[in-house]
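In what follows, a structure is listed as structure tokens, so that the remarks can point back to it.
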Amino acid sequence: MKTYDIAVVGSGIGGSLISALNRDKDLILFERDKNLGGCASTFKKFGDLYNAGATTFVGYENNHPIKNIFDKVNFIPDIKKSEIAIRIMQNNKIVDRVKNFDIYLDNLNEIYPHKNNKLFWKTIKSIDEKFWNLKKLHFAKYSLNSYLKTTNSIFELFSVFGFDLLKSADKYIEEVLPNISKEYKAFIDAQLLITLQTTTKDISLLSLALGLSYPFHGVFYVNGGMGTLFDGILKDIDVHNKEEIIKVIKEQDSYRVL
Ligand SMILES: Cc1cc2nc3c(=O)[nH]c(=O)nc-3n(C[C@H](O)[C@H](O)[C@H](O)COP(=O)(O)OP(=O)(O)OC[C@H]3O[C@@H](n4cnc5c(N)ncnc54)[C@H](O)[C@@H]3O)c2cc1C
């Protein structure tokens, strides 16, 4: 029986990045599918390439975790800037989510006017910026040390956001965008359904801000399809695709992977 320091199950962005970060160790990665990348994979059909899920690549900017990890593993993605992150169309009304705040606000004010639009979207953008500047973000429960790091992270969240952390998205909208039209609200929810798979009724103000702010970041297409990222990230990794792990058994000081 062969032993490894690390066995990774799944070549999604999570499994792939953790593999690349540990590529100096004796590591093996198993992927049950033919294509690498999971929800962000690309497949070929009748000669054309299709992204299985994820299509827009966000977070490739300085001080962002994605760029930091890509830099750490010396991988430069082949990407092309997308000027419009999302185009939202309702009843022949079009709003383009573009990175430039003033251009976006002008477009929004024309289609869904509200006296507090500027305040609402400035706050949303500012919460998002503060979040990505947090230094202690951590969530794990597998050891005392990880509990301590998680607690530290919660303290940092409270010190930056105060009691706004406990505020619900609906409450915030009620306060800042009173009497919002049904169509404007649907415009917000349509975007949250893409980024968070839910609407304002289930989320906090912080989630609302993160879910609505990704178009304020650089948004890119990956040339050749999102899945090509994984060929690059995993190029030095011992990858076994079309191999499904059916059981992981804990032994005395190791794990057996079947
Ligand atoms: C339709 C859709 C559109 C999206 N659009 C975007 C977007 O535009 N931009 C964006 O940033 N995000 C987008 N997302 C979200 C993003 O794709 C996912 O959050 C991310 O890819 C998830 O990565 P992951 O590593 O957590 O899991 P996954 O991608 O699910 O990876 C898990 C991998 O593990 C493998 N696996 C599972 N069990 C086993 C086993 N027992 N043995 C071997 N292998 C196993 C699976 O086959 C899979 O490859 C989208 C998601 C979907 C579904």
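Taken together, the values in this text are just the output of simple stated rules run on the coordinates, not laboratory data. Worth saying up front: this structure is predicted, and the values here are computed from it rather than measured. Quick reminder, even Gly has a Cβ in these numbers, built from the backbone with ideal geometry, and neighbours come from all protein chains shown.
Between HIS217, HIS138, HIS240, where does the largest GNM mean-square fluctuation fall for the chain, given springs only between Cα atoms within less than 10 Å?
HIS138
Considering only DSSP beta bridges where both residues belong to the chain, give the percentage that are antiparallel (nearest 5). Intermediate results must be reported in sequence, preceding the final value.
Numbers: 19 of 27 bridges.
The antiparallel proportion sits near 70 percent.
Using modelled amide H (1.01 Å from N, peptide plane; none on Pro or chain starts), what sits under 5 Å from the amide H of THR198, excluding residues fewer than 5 places away?
When sequence neighbours closer than 5 places are left aside, the close amide H contacts are LEU193.
How would you rank MET1, MET226, going from fewest to most other Cβ atoms within 10 Å of each one's own Cβ? Walk me through the numbers on the way to the answer.
Numbers: MET1 3, MET226 23.
With the fewest neighbours first, MET1, MET226 line up as MET1, MET226.
If you project the alpha carbons of the stretch 77-124 onto their three principal axes, what span does each projection cover, largest first, in Å?
Largest first, the stretch 77-124 extends 41, 28, 14 Å along its Cα principal axes.
For ASN241, list long-range residues whose amide hydrogen, built 1.01 Å from N in the peptide plane, is under 5 Å from its own amide hydrogen.
GLU31
Would you please give the FRET efficiency between VAL257 and ALA190, computed as 1/(1 + (r/R0)^6) with r the Cβ-Cβ distance and R0 = 45 Å, to the nearest 0.05? Don't skip to the end; give the middle numbers.
Values: r = 42 Å, r/R0 = 0.93.
After rounding, the FRET efficiency stands at 0.60.
Work out the charge dipole of the stretch 81-222 with +1 on the Cβ of Lys and Arg and -1 on the Cβ of Asp and Glu about the Cα centre, then indicate which of PHE101, THR195, LEU165 is farthest towards its positive end.
Towards the positive end, the residue furthest out is LEU165.
What are the ³J(HN,Hα) couplings of the stretch 18-27, residue after residue, when phi is run through the Karplus curve with 6.51, -1.76, 1.60 and θ = phi - 60°? Round to Hz, x for glycine and proline.
For the stretch 18-27, the Karplus-derived couplings read 5, 5, 4, 5, 10, 5, 7, 9, 7, 10 Hz, x marking Gly and Pro.
Quick one: Kirkwood hydrodynamic radius for the stretch 20-84, alpha-carbon pairs, angstrom, one decimal? Don't jump to the answer; show the numbers that get you there.
Details: mean 1/r = 0.0699 Å⁻¹.
Answer for the stretch 20-84: a Kirkwood hydrodynamic radius of 14.3 Å.
Using the Cα centre of the stretch 81-222 as the reference point, and only Cβ charges (+1 on K/R, -1 on D/E), how large is the resulting charge dipole? Debye, rounded to the nearest 20.
Details: 19 positive and 15 negative charges, 67 e Å.
Dipole size: approximately 320 debye.
Give me the distance in nm between label points sitting 7 Å out from Cα along the Cα-to-Cβ direction at ILE246 and ASN92, one decimal.
Inter-label distance under the simple model: 5.9 nm.
Please check the chain for the longest run free of chymotrypsin sites (Phe, Trp or Tyr not before Pro) that are loop-located per DSSP (anything but H, G, I, E, B) and have at most 11 other Cβ atoms within 10 Å.
For chymotrypsin sites (Phe, Trp or Tyr not before Pro) (loop position, at most 11 other Cβ atoms within 10 Å), the longest site-free span of the chain is 143-258.
In whole Å, what are the extents of the chain along the principal axes defined by its C-alpha atoms, from largest to smallest?
68, 51, 31
Below 8 Å, C-alpha to C-alpha, sequence gap of six or more: please give me the relative contact order for the stretch 162-227 in percent. Could the numbers behind the result be given before it?
Values: 43 pairs, mean separation 26.7, N = 66.
This gives 40 percent for the stretch 162-227.
Given the Cα-Cα distance of PHE139 and LEU49 and 0.36 nm per residue of separation, how much length would full extension add, in nm?
On the way: separation 90, 0.36 × 90 = 32.40 nm, distance 3.58 nm.
Gain on extension, PHE139 to LEU49, equals 28.8 nm.
Over the chain, what is the relative contact order in whole percent, taking alpha-carbon pairs under 8 Å and six or more residues apart? Mind dumping the intermediate values first?
Values: 379 pairs, mean separation 81.2, N = 258.
Relative contact order here is 31 percent.
Per DSSP H run of n ≥ 4, the term is -39500 (n - 2.57); total these for the chain, divide by its residue number, and report the mean residue ellipticity at 222 nm rounded to 500 deg cm²/dmol. Let's see the in-between values first.
Values: 9 runs with 99 residues, N = 258.
Per the formula, -11500 deg cm²/dmol.
Each residue of the stretch 108-117 in order: what ³J(HN,Hα) in whole Hz does its phi give by Karplus 6.51 cos²θ - 1.76 cosθ + 1.60, θ = phi - 60°, with x for Gly and Pro?
Using θ = phi - 60°, the values come out as 5, 4, 6, 8, 10, x, 7, 4, 9, 3 Hz.
Across the chain, where is the longest run that never hits trypsin sites (Lys or Arg not before Pro) in a DSSP loop with at most 11 other C-beta atoms within 10 Å?
Details: sites that count: LYS2, LYS25, LYS34, LYS115, LYS135, LYS141, LYS242, LYS247.
With trypsin sites (Lys or Arg not before Pro) excluded where exposed in loops, the chain gives 142-241 as its longest stretch.
Amide H of SER168 versus every other amide H placed in the peptide plane: which residues, excluding those fewer than 5 positions away on the same chain, fall under 5 Å?
Those lying under 5 Å, H to H, from SER168 are LEU205.
So, with +1 on the Cβ of K and R and -1 on the Cβ of D and E, and no other charges, what is the size of the charge dipole of the chain about its Cα centre, to the nearest 20 debye?
Value, rounded to 20: 220 debye.
Which of THR150, THR199, THR42 ends up with the largest GNM mean-square fluctuation for the chain, with Cα atoms connected below 10 Å?
THR150
If the viscosity is 1.306 mPa s and the temperature 10 °C, what translational diffusion coefficient in µm²/s does Stokes-Einstein give for the stretch 81-222 when Rh comes from Kirkwood over Cα pairs? Before the final figure, lay out each step's value.
On the way: Rh = 16.4 Å.
Result for D is 97 µm²/s.
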